[in-house]
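Undergrad: Below: one structure in structure tokens.
The values are calculated or read from the model by the stated rules, or taken from the named source; none is laboratory data. What you see is a predicted model; the values in this text were computed from it and never measured. Please note: Cβ atoms are built from the backbone with ideal geometry, for glycine as well, and neighbour counts cover all protein chains shown.
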Amino acid sequence: MSLLLKFRKPLMMDRLPVYLRQYRLILNVICEHGKADLCLQEVEIRQISDCAHLLEKLTKSLVSCQKDICRISLYLLGDILHQYEKVTLYTDIKMHLNNCIYNLISSCDHHAVAYLMRVLSNASTDLFKIMYDSYKKHYRFTGKV
């Protein structure tokens, strides 16, 4: 999927709903297989974590298409937060999904953040507030050295 976005960017931006459906499918599979309830071995956790890292790289390449993604990124944020609400993930996997959230927050404006605060469920809103405060504190570019 990342190669399609890298080499066929205009084509993929025209077919963004289909592309994002596959993105959500990959996210669901990673969260379903990365549950902390499953008592996985270290090798299996590493494999799922590698898949989550590839999803993180895919998210970073999606965010690079700022003009097309800025309206959609808040829905992807809602999907990831909904997965956080449903399942408990291993920390190695959750770290990569957190980085996906921070990348998507960078493409949102303050109206999108306010919209997310209103429409998310209570648990997701609390998670998003914590993630957004962490983003503002550690990840947001402020121009200071």
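Undergrad: Please find, within the stretch 65-92, the residue that is farthest from Ile130 (Cα to Cα) out of those that are touching a helix residue (DSSP H, G or I) at 6+ places or on another chain (Cβ under 6 Å) and among the aromatic types (Phe, Trp, Tyr).
TA: Here the answer is Tyr90.
Undergrad: Next question, about the same structure. Kindly indicate which of Leu62, Leu54 is more than 21 Å from Tyr135 (Cβ to Cβ) and either in contact with a strand residue (DSSP E or B) (Cβ under 6 Å, 6 or more places away or on another chain) or not β-branched (Val, Ile, Thr) (or both). Give the derivation first.
TA: Details: Leu62 fails: more than 21 Å from Tyr135 (Cβ to Cβ).
Being more than 21 Å from Tyr135 (Cβ to Cβ) and either in contact with a strand residue (DSSP E or B) (Cβ under 6 Å, 6 or more places away or on another chain) or not β-branched (Val, Ile, Thr) (or both) holds for just one of Leu62, Leu54, which is Leu54.
Undergrad: In the stretch 96-145, what residues are outside any helix (DSSP H, G or I), polar (S, T, N, Q) and under 15 Å from Leu76 (Cβ atoms)?
TA: Ser107
Undergrad: So, one more: Residues in the stretch 67-84: is at least one among the basic types (Lys, Arg) and within 30 Å of Asn122 (Cβ to Cβ)?
TA: yes
Undergrad: Any residue that is assigned to a helix (DSSP H, G or I), modelled with pLDDT under 90, of a type outside the set (Asp, Glu) and surrounded by 14 or more Cβ atoms within 10 Å (Cβ to Cβ) - is there at least one of those in the stretch 68-82?
TA: Yes, that holds for at least one residue.
Undergrad: What are the pairs with Cβ atoms under 6 angstrom where one residue, in the stretch 29-44, is outside any helix (DSSP H, G or I) and the other, located anywhere, is of a type in the set (Val, Ile, Thr)? Sequence gap at least six, or different chains.
TA: Qualifying pairs under 6 Å: Gly34/Ile48; Gly34/Ile93; Lys35/Val87.
Undergrad: Kindly indicate whether any position in the stretch 50-67 is part of a helix (DSSP H, G or I), over 17 Å from the mean Cα position of the chain (by Cα) and over 25 Å from Met12 (Cβ atoms).
TA: Kept after step one, since they are part of a helix (DSSP H, G or I), are these residues of the stretch 50-67: 50-63, 66-67.
Retained after the next criterion (residues that are over 17 Å from the mean Cα position of the chain (by Cα)): 67.
Filter once more, keeping what is over 25 Å from Met12 (Cβ atoms): none.
No, every residue in the stretch 50-67 fails to be part of a helix (DSSP H, G or I), over 17 Å from the mean Cα position of the chain (by Cα) and over 25 Å from Met12 (Cβ atoms).
Undergrad: Scan the stretch 88-116 for residues that are under 28 Å from Gln41 (Cβ atoms), of a type outside the set (D, E, K, R) and crowded, with 16+ Cβ neighbours inside 10 Å and jot them down.
TA: Residues satisfying the conditions are Leu89, Tyr90, Ile93, His96, Leu97, Asn98, Asn99, Cys100, Ile101.
Undergrad: Separate question: In the stretch 1-41, what residues are charged (D, E, K, R) and more than 19 Å from Cys100 (Cα to Cα)?
TA: Those that are charged (D, E, K, R) and more than 19 Å from Cys100 (Cα to Cα): Arg8, Lys9, Asp14, Arg15, Asp37.
Undergrad: Quick check on Val119: is it without any contact (Cβ under 8 Å) to a residue 60 or more places away in the chain, of a type outside the set (Asp, Glu) and surrounded by fewer than 13 Cβ atoms within 10 Å (Cβ to Cβ)?
TA: Details: without any contact (Cβ under 8 Å) to a residue 60 or more places away in the chain: yes; of a type outside the set (Asp, Glu): yes; surrounded by fewer than 13 Cβ atoms within 10 Å (Cβ to Cβ): yes.
Answer is yes for this residue.
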